[in-house]
Amino acid sequence: MESLGRHVSEEFATMRRFLEEREHELQRDLADYAAGLLQPLEDNLRTIQRALISVQKDIIYCQAVVNQWDSRRFLQEFKWLKERPHEDIHCPAVVSAKPCLGVFKGPLRYRVWKEMRNCISPAPASLTLDPNTANAWLQLEEDLTGARAGETRQEVPDDPGRFDPSPCVLGSEGFGSGRHYWEVEVQDKTEWAVGVARETAPRKGDIALSPRDGFWSIWLRRGADYRALTSPPTRLAPDPRPDRVGVYLDYEGGQVSFYDADCMAHLFTFTAAFSERLYPFFSPGLREGRRNQTPVRVRHLRL
């Protein structure tokens, strides 16, 4: 429990640290931007102050001349004063000091949230299916992100790694370390199974989707029977029915967890000591006429 508590604190500390660093960066940028706006204004102010001092000197001089001389002599002196160059008097440049609201206001939370993707670990994996492992009755989508039970058997090589007769397929990328997360669409289906399988898990004949045989998965049968495929299976009661299932693998931590990906409600967790490469595992189930014809599909997330 102490270890879990530290893990939770570390995860939130990482997010807080990112937000604090980003806030300090924006505040520093704002200060630099403000300094850039103020500098020409301050230069103008100094120019005006110098001009003001020069004009005040001329006013004092004129007042002294008026008090001492007659008007004729004053006019002659004033003509000289008006024509002499005033080195301290310059017309200041026009400066725009309007702040850029779009940089420091705008959709700031959305901008920072998008930037926060770089500190999310594990980032959602963009998986594809391995056609060399797909059961011959499965129809894979052209981009290899989905599989459905077909009406006819495909003409494919009898590869040793191909599932037969179970309607299953593996992901094209396996994991031998690290933490990984992906999501699978299962909406409008009455049967499906998703999880992970070890590299040497059996693929021929009747296979038991259990940890003993190298499968860590959950399934749906008959439209309402959700189970974690432990030995014996564990009944699940998700509410509402998940349209997308999130799968989390922590290889070193020996954890495979499943979530309702829409609300991230926890469905089930397996724990084990892994020693082989693990592959994402999918099954769209049997076709059942038109009841279960929609595919299971790996969802490529764009945060």
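A few comments on the model shown:
- Prolate/oblate/rounded call for the chain, Cα gyration tensor, a/c under 1.5 rounded: prolate
- Take the Cα of E10, step 7 Å toward its Cβ, do the same at K98, and the gap between the two points is 5.0 nm.
- The stretch between F18 and C91 holds 21.5 nm of extra length on full extension. This uses 0.36 nm per residue minus the Cα-Cα distance.
- Loop sites in segment 165-251: GluC sites (Glu not before Pro), DSSP, at most 16 other Cβ within 10 Å: E173, E199
- Per residue, the chain reaches -10500 deg cm²/dmol at 222 nm when only DSSP H runs of four or more residues are counted, each adding -39500 (n - 2.57).
- For peptides 200-212, 238-250, sequence by mean Cβ density within 10 Å, most packed first: 238-250, 200-212
- Spacing of the modelled spin labels on A208 and D158, each 7 Å from Cα toward Cβ, amounts to 2.7 nm.
- Heavy-atom surface of segment 179-275, accessible at 1.4 Å and reported per residue (Å²): 45
- Mean separation of Cα contacts under 8 Å, 6 or more apart, over the residue count of the chain: relative contact order %: 18
- Candidate residues M1, M116: accessible-area rank, largest first, probe 1.4 Å: M1, M116
- For the options A265, A136, A93, a Gaussian network treatment of the chain with springs between C-alpha atoms closer than 10 Å singles out A93 as fluctuating the most.
- Against the main long axis of the alpha-carbon atoms of the chain, helix 71-83 sits at an angle near 30°.
- Measuring nothing but protein heavy atoms, the accessible surface of the chain at 1.4 Å probe radius is 53 percent carbon and sulfur.
- Potential lengthening of the chain between L26 and D250 amounts to 77.2 nm, from the contour at 0.36 nm per residue minus the alpha-carbon distance.
The values are calculated or read from the model by the stated rules, or taken from the named source; none is laboratory data. Computed from a predicted model, the values in this text were never measured in an experiment. Here Cβ is always computed from backbone atoms with ideal geometry, including for glycine, and neighbour counts include all displayed protein chains. Surface areas here come from the heavy atoms of the whole protein model, side chains and all, with no ligands, DNA or RNA. Shrake-Rupley method; radii C 1.70, N 1.55, O 1.52, S 1.80 Å.
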